[in-house]
1. Quick one: Karplus J couplings for the stretch 520-534, per residue in order, coefficients 6.51, -1.76, 1.60, θ = phi - 60°, nearest Hz, x for Gly and Pro?
2. How much length is gained if the chain between LYS287 and LYS254 is pulled fully straight, taking 0.36 nm per residue apart and subtracting their Cα-Cα distance, in nm to one decimal?
3. Using a Förster radius of 30 Å, what is the FRET efficiency between TYR39 and GLU499 based on their Cβ-Cβ separation? Nearest 0.05, please.
4. Report the full-extension gain for the segment LYS423 to ALA517: residue separation times 0.36 nm, less the Cα-Cα distance, to one decimal in nm.
5. Would you mind getting me the FRET efficiency between ARG430 and ASP65? Use the beta-carbon distance for r and R0 = 60 Å, nearest 0.05.
6. Can you pull the one-decimal nm distance between simple spin-label points at MET185 and ILE597, each 7 Å off the Cα toward Cβ?
7. What ³J(HN,Hα) values, in whole Hz, does the Karplus curve 6.51 cos²θ - 1.76 cosθ + 1.60 give for the stretch 587-594 when θ = phi - 60°, with x put for Gly and Pro?
8. Taking H placed 1.01 Å from N in the peptide plane, check which residues at least 5 places from THR266 or on another chain put their amide H under 5 Å from its amide H.
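Rule-based calculations on the coordinates, nothing more; no lab input. Just so it is clear, the model here is predicted, and its values are computed rather than measured. Here the Cβ positions follow ideal geometry from the backbone for every residue, glycine too, while neighbour counts run over all protein chains shown.
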Amino acid sequence: MVFGKGIIRVRRGQTSLQTRFFLAFGVLLLIVVGCFTVYVNVVVIKPLKARSENEMQLAAAKISDQLDLYVSSQNELSQRILANTQVYTLLPRGGDSPPPLEGLTINRKLREVMFQAIGPSMNIEDMAIYDAQGSLLTSYIGNSGNLSSLVLFLEDSWKFPSWSESAYALYRPESGRVYFLRTIMNQNGQVFGYLSIQLKQEYLSRAAVGSAGSDVYVLDPDGQLVYGSSVLEDGEGEGEGEGNGKIPSFDKPKAEEGVYPGGRMTYVAYHRSAETGWTTYMVIPRKVVLGPVNSVKYLSMLLITSLILFSAAYLYVSARNLLLPIRKLRKQILRINYSNMDMKVETRSSNNELLMLNEAFRELLERLQVSIEREKQAVHEEAKARNSALQAQIAPHFIHNTLYLISIAAQEGKNEVVSDMCKHLSDSLRYIVSSPYEHVSLTQELEHARHYLTLVQHNFEEDLEWIVDADPVFDQIRLPRLVIQPFVENCIEHAFKSEDPPWRIEVRVKLYNGLWALEIRDNGTGFEADKIREILENVNAGCAQDGEQGTGLDSAGIGNMGIVNTVHRLKLMYKNRLFFNLYNHSEDGGGAAVQIIASLTEDFY
């Protein structure tokens, strides 16, 4: 509202107080709801989902360990046979076959060796021994599933890393059966033959049993199915295993173990065995994995929706009831003009604050004329007071940060550094408290900036590089205290957080055509475009407020102390003879730059 010509005029386009009240508390409500949503998502939903996925991964690892244990038992069984030195004497040497009678004797004795190694329990299909050329000599049971020859395997044995490293391998031919193969050789590396153990599919299935509601598939390094707990219909998967039908297609593992979303609304957990090379895949429906997560999510959404609806209705009713007496008071105030300032304004209300507002308005009318004259006389003193208040905000902030740096050096036991930093701090404090509200020369400001950078240098050492111009001609330039140091401090505090050293700060000054120009730049991350726009708007808004007899302190609060505060003090001194700019430069890798240009002719208040 504007007071003039005996009436109160209401500007068009302004929202009502009720709407502002509703919007203000609506924003607060949204913030609270947003925080609650983030809290539920970060503290409840994500950990719960991570725990479910971790349980899947542990289950897949457990199945893989069971398979490794079964394979390890076959390795122990083969060790018992190889430990019998009689095997080496029985196996034929060279490529000649022994006579029939001698061959039968050798086969019988080899079966006795296998019987002694297997014992009463048998968790395999069969065991066979081959000569050095890969030809079958004898088997324990004589199962038809035994390989008639190992020639094909021996030709491709280079594909099995364990064969070259430990002389054993897990071999799965096209028949679908799985064989544990081992070289029979002595300590000198002389090969006498080969041992084959045909693994029992029943034991493989028993080791690969997964949790309820999940399917388990075990694939060899070639992607062939070793075990599958379910059969898919034609066209639903790729790859086949004998007796198990088709299997789903799986992503190629990028690590030893992990979890990833699969097709058909499932999650897939996998674990690759370092011992066998087999990869165990556990497929679980998403509704099983995310059941608890979805329950929490839907319950949270219901609570949030109910909270928003109830709060919106409550805010609307409360705002309407609270502001109705104020509307009545406004109608009465509109009837007041210069000729009837003594008119009594009556507003019946049970709200004590509204009664106090009525009385305060009455007193305002009585003091209006006196206040106008007093305001004119106080303009000059007010400007000085604002400058003093703005500068008083900067000094404690600088002292706090400096003492913090000294404390770090003291904790690290750098006594000489602490002594040197205290000396520089003493010089800086002497500069601040010596006639703190008088203007100083640019040379003094630059010297104070050097003291600060020297203090910071002790903390960053060789990671920080800086240049500060110096010239006797700068003595003629006058400006408020603590103008350069806040910008430098802003570079230290914010510009280098995500950049690698060395960090560089340059303070340059130029004189030309009756103007002086100060530029402070760094090689940090720079400002975001929205942040630059916000700071420049705050600077311009604060200066416009100063022109309307405002204090200018609100926009120079602690959050913008390093930039807005300093520019306000400069413009209080130079008024319309100063230009300020903030931008990101692209030289030397980029960074931020602050530019101040002002007239050499001082414009004091």
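1. Each residue's phi maps through the Karplus curve to give 10, 9, 9, 10, x, 7, x, 9, 6, 4, 5, 5, 4, 4, 5 Hz.
2. 9.3 nm
3. According to the calculation, E is roughly 0.40.
4. Full-extension gain reported as 30.8 nm.
5. Once the sixth-power term is evaluated, E becomes 0.25.
6. Those two pseudo-labels are separated by 8.4 nm.
7. Going residue by residue, I get 6, 6, x, x, x, 9, 9, 10 Hz, with x marking Gly and Pro.
8. ARG286
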